[in-house]
Amino acid sequence: MKTWPDGTPITVFVLPDTHPLHLRFCTLYLKTFPYVLKRQWNHLIFTGSGVRPIEVSTTYNLFERVRATPGAIGYINRLPGNTSDVKFVGTEANSETKRTIRF
Amino acid sequence: MKKPSYRLALMLAGLLSGNGFAEQQPLSLHGFVSQGYLYSKNNDIFGDSTDGSWEYHEAGAGGHYRLSSRISFSGQWFARDAGRGDNGSVRTDYLYADLLLSQGTDSGTGLRFGRVRNHFGFYNSTRDVFFTRPSILLPQFYLESFGVRELFFSSDGAQLHSYWDEKDYYLNFTGTFGKNKEVGSDTVANILGSAATLAGDAELQSPISAQLSAGLPGDRWKTALSYFNAALTFDSTSVLANLDVTLTALSLQYNGRKTSVTAEYSLTSINSTFIAPAFNLVATGNTKSEAAYLQMDYRIDEQFTVYGRFDHRLGDREQPNRTDSSVATLGSRWQPHPQWLFAAELHGIRGTTPIPIIDNRGSEIAERSEHFIIMAGYRF
């Protein structure tokens, strides 16, 4: 899946592989490990099937980039103050969120 | 100082139009370069490796351009030097337009036109990228030493691709229909041996390939069934030859927190016909060969992985003792940074088919040999 139903491109923001929240997100939502996710991204990039996610260094940066980028998706570990312009599409208690985003 | 809590993991999506940052750019670029060093005993591989060889490097660059939500273009250009088997010239690895026919959250279908990569096994479609291979050298399953890369590697034609996602599993399908293409004289020499000294034209006709893959969410387990068929014709003043080649493969992989296990098996069937009108001779035959490997990777930490593999091939099922070969591999991979990768491997080889003939012209290939290989790679 490359775009949302309205045609907006999906832009994926992630934290570095070694970040504890990235590991938690991989195991909790994606039911996988960071090395498997990286392998999948590499396959997409080097076959020309998709583009890599944008890596940011902190959860604050990730939240700000998702908030300011149309069609962006990402994850955070705590509720920030201003959440009026983002939509929470899944939490630990509600892990029915679609797990796969295809490029 | 209070440590941050990672108990919560909230998935979020942006709703507003951007004001501080631009959305994902329509053009994205990528590239890679890797350099190897080989030292071997008894046989040469990729240059004069018995004296130490640096004749093994790969470099590629490409991009992906999104024209609209339904149309994108992708291309990659690539150069590889691998002893006498590859001379480092730049070639178009793939270059295609991708038209998305349908897309939902659970399924989608698209059609690619141009030069597309053939999906065969887990690694053929990215076989030249050090960062995506399971080791520095691929197992015999991928026919690396046979000098037939150009036949196998990509097709000029159309490719249908689809995915279906369910809660508990996913399915992918890729089917490729290629047009006929001329085959280079080096590849003909690698396939037909002495017959290749005859001047003639060789063509790969109607190549088709298909792959159905499936897995559990997150690829804890994944599997693939791959198929490739093509006819190779050779036409000279004195000999006509036709080889109908079919490859079928089954792949299976388990991915755990620390351990991955990968196994792949392939069966190659070749129906051959040789006609020599001058001698009133017609010869036909069928050869079936098999290749399989089992590889285990163990991740010591996020940066360091060790792996071992046993790789076996029967060149002719009817003559198993005369045509079999095996390779035992021990290796380690170190990735100190996402853009840098280093690896080292030891190979113990029994049999002659894993050894490229082209690197050992003029000398007899020894039945046993050992290789030590190191490689460094950078990507962007």
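The values are calculated or read from the model by the stated rules, or taken from the named source; none is laboratory data. Since the model is a prediction, treat every value here as computed from it, not as a measurement. In this analysis, Cβ positions are derived from the backbone assuming ideal geometry, glycine residues included, and neighbour counts consider all displayed protein chains.
Okay, here's what the table says:
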{"item": "Qualifying residue in the range B:186-198 (condition: within 14 Å of B:F152 (Cα to Cα) and at pLDDT 85 or above)", "result": "no"}
{"item": "Tally, over the range B:215-248, of residues that are in contact (Cβ under 8 Å) with a residue 24 or more places away in the chain, within 30 Å of B:D201 (Cβ to Cβ) and not hydroxyl-bearing (S, T, Y)", "result": "14"}
{"item": "Selection within the range A:13-55 - in contact with a Ser or Thr (Cβ under 9 Å, 6 or more places away or on another chain) and part of a helix (DSSP H, G or I)", "result": "A:L21, A:C26, A:L28, A:P34, A:Y35, A:V36, A:R39, A:Q40, A:N42, A:H43, A:I45, A:F46"}
{"item": "Selection count where residues are surrounded by fewer than 19 Cβ atoms within 10 Å (Cβ to Cβ) and within 7 Å of chain B (Cβ to nearest Cβ), scope the range A:53-67", "result": "0"}
{"item": "Set B:G36, B:G62: member being surrounded by 13 or more Cβ atoms within 10 Å (Cβ to Cβ), more than 7 Å from chain A (Cβ to nearest Cβ) and modelled with pLDDT of 85 or more", "result": "B:G36"}
{"item": "Qualifying residue in the range B:345-354 (condition: of a type in the set (D, E) and part of a strand (DSSP E or B))", "result": "yes"}
{"item": "Single residue of the range B:65-114 satisfying the filter (at the interface with chain A (Cβ under 10 Å from one of its Cβ atoms) and basic (K, R)) that is nearest to B:Y39 (Cα to Cα)", "result": "B:R112"}
{"item": "Neighbours by Cβ (under 6 Å, 6+ apart or cross-chain): first from the range A:5-31, more than 7 Å from chain B (Cβ to nearest Cβ) and closer than 20 Å to A:S57 by Cα; second in a loop (DSSP other than H, G, I, E, B) and at pLDDT 85 or above", "result": "A:V12/A:P53; A:F13/A:V56; A:V14/A:P53; A:H22/A:L15; A:C26/A:T32; A:C26/A:F33"}
{"item": "Among residues of the range B:35-54, those that are without any contact (Cβ under 8 Å) to a residue 60 or more places away in the chain and in contact with a strand residue (DSSP E or B) (Cβ under 6 Å, 6 or more places away or on another chain), counted", "result": "4"}
